[in-house]
Amino acid sequence: MSTAATRDLPCQQIVELVTDYLEGAMDAPLRTSFEAHLAGCPHCTHYLEQIEATIRVAGTIRAEDLSPELRAGLLAAFREFRRP
Amino acid sequence: MAVSPPPDEDAPLLDALRVGDERAFEALVDRYGPSLLRLAQLYVSSRSVAEEVVQETWLAVVTGIERFEGRSSLKTWLFRILTNKAKTRGQREGRTLPFSSLASDGDEDQTAVAVERFARGGAWATPPRGVPEERLLAGETRARVEQAISALPPNQRAVITLRDVEGLSAEEACNVLGISETNQRVLLHRARAKVRTALERYLEDA
């Protein structure tokens, strides 16, 4: 058994590891320690949920439509380019 | 097959664009134009220059469509062309994003969560609360998150925009921005942490 697998990580370190965890950028022993901490810590579980909520809300942001002028300009340029 | 094909919905449009179909071009402009403009605005100072960069990008797409081999998704290919053009413009303007360098991020000492929120020994002193799911759907919540993203340093903003707003994979984002996986992850970590802080503050205010 790796000693790292039973390492107790403090909450303050957990929050710095959340991205590595979500990105799958952790080795197996660290992942085990991370998940063991989460299983016993509702606060860090809430933290992870807030990060996941942030990602979810960010995914609903839409970019503004192009201005009609820019859009028309692009189509005109396309026609110009395609003209034989 | 090791190569993933472009998303199904782009494939017929690409075929049509290759034979000069204007409607296909129009559909692609409507699908990706807004995202391209948003991305361009990270690199250049004014909206009008950003619009020029978008125009140059579409011209490059039309003239270079034969060179698109579908090794990446169309979206990633478009974003890559755009960032290259936008970077060139930004450099001419004397405005460059320090993507290659973490040291120039300007906030190396930042922690994901303010140190005051932890007790000695690193356990939570002021812990975060559960997420009120029903409030996440509100337009106001989205507006706050959008605002927090706009306030980020440009390189963090670019990474979180590509990853969480546009939904690119880590590999695609690295490819578009020309940065390493580690650099991408660090920037994403800082960006998400700051946006989470803003979201938490907003949700607790009510």
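The values are calculated or read from the model by the stated rules, or taken from the named source; none is laboratory data. Predicted, not measured: the structure shown is a model, and the values here were computed from it. Cβ sites come from the backbone with ideal geometry, for glycine too, and all protein chains shown count toward neighbours.
Any residue in the stretch B:173-192 that is under 14 Å from A:Ile55 (Cα atoms), of a type outside the set (D, E, K, R) and surrounded by fewer than 14 Cβ atoms within 10 Å (Cβ to Cβ)?
Checked against the condition, which is being under 14 Å from A:Ile55 (Cα atoms), of a type outside the set (D, E, K, R) and surrounded by fewer than 14 Cβ atoms within 10 Å (Cβ to Cβ), the stretch B:173-192 yields no hits at all.
Considering only helices (runs of 4 or more DSSP H) fully contained in the stretch B:111-170, which possess at least 3 residues that are surrounded by fewer than 13 Cβ atoms within 10 Å (Cβ to Cβ)? Give the derivation first.
Details: elements: B:133-136, B:139-150, B:154-160.
Answer list for the stretch B:111-170: B:139-150.
Suppose we keep only residues that are over 22 Å from B:Gly94 (Cβ atoms) and touching a residue at least 24 places away in the same chain (Cβ under 8 Å) within the stretch B:39-60. Which one would you say is surrounded by the most Cβ atoms within 10 Å (Cβ to Cβ)?
Filtering the stretch B:39-60 for residues that are over 22 Å from B:Gly94 (Cβ atoms) and touching a residue at least 24 places away in the same chain (Cβ under 8 Å), the one surrounded by the most Cβ atoms within 10 Å (Cβ to Cβ) comes out as B:Trp58.
A:Asp65 - would you say it is within 21 Å of B:Glu52 (Cα to Cα) and either charged (D, E, K, R) or not in a loop (DSSP other than H, G, I, E, B) (or both)?
Taking the combined requirement at face value, the residue satisfies it.
Quickly run through the stretch A:63-77 and pick out the residues that are within 7 Å of another protein chain (Cβ to nearest Cβ), surrounded by 12 or more Cβ atoms within 10 Å (Cβ to Cβ) and of a type outside the set (Lys, Arg).
The answer is A:Ala63, A:Asp65, A:Leu66, A:Leu70, A:Gly73, A:Leu74, A:Leu75, A:Ala77.
Collect the residues in the stretch B:17-35 that are facing chain A (nearest Cβ under 8 Å), of a type in the set (Gly, Ala, Ser) and either in a helix (DSSP H, G or I) or within 17 Å of B:Arg80 (Cβ to Cβ) (or both), keeping them in residue-number order.
Residues satisfying the conditions are B:Gly33, B:Ser35.
Yes/no per residue for (1) polar (S, T, N, Q); (2) exposed (fewer than 15 other Cβ atoms within 10 Å of the Cβ); (3) part of a helix (DSSP H, G or I); (4) at pLDDT 95 or above:
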| position | (1), (2), (3), (4) |
| --- | --- |
| A:Thr19 | yes, no, yes, yes |
| A:Gly24 | no, yes, no, yes |
| A:Tyr47 | no, no, yes, yes |
| A:Ile61 | no, no, no, yes |
| A:Arg79 | no, yes, yes, no |
| A:Pro84 | no, yes, no, no |
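Could you list, in sequence order, all residues of the stretch B:69-89 that are of a type in the set (A, V, I, L, M) and touching a residue at least 40 places away in the same chain (Cβ under 8 Å)?
Answer for the stretch B:69-89, where residues must be of a type in the set (A, V, I, L, M) and touching a residue at least 40 places away in the same chain (Cβ under 8 Å): B:Leu74, B:Leu78, B:Leu82, B:Ala86.
Can you find, within the stretch B:57-86, the residue that is farthest from the other protein chains (Cβ to nearest Cβ) among those that are over 21 Å from B:Val19 (Cβ atoms), basic (Lys, Arg) and assigned to a helix (DSSP H, G or I)?
The selected residue is B:Arg80.
Rundown of residues vs (1) at the interface with chain A (Cβ under 9 Å from one of its Cβ atoms); (2) farther than 24 Å from B:Lys85 by Cβ; (3) in contact (Cβ under 8 Å) with a residue 24 or more places away in the chain; (4) not aromatic (Phe, Trp, Tyr), yes/no style:
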| residue | (1), (2), (3), (4) |
| --- | --- |
| B:Arg135 | no, yes, yes, yes |
| B:Arg142 | yes, yes, no, yes |
| B:Val145 | yes, yes, yes, yes |
| B:Pro154 | no, no, yes, yes |
| B:Ala158 | no, no, yes, yes |
| B:Glu172 | no, no, yes, yes |
| B:Ala193 | yes, yes, yes, yes |
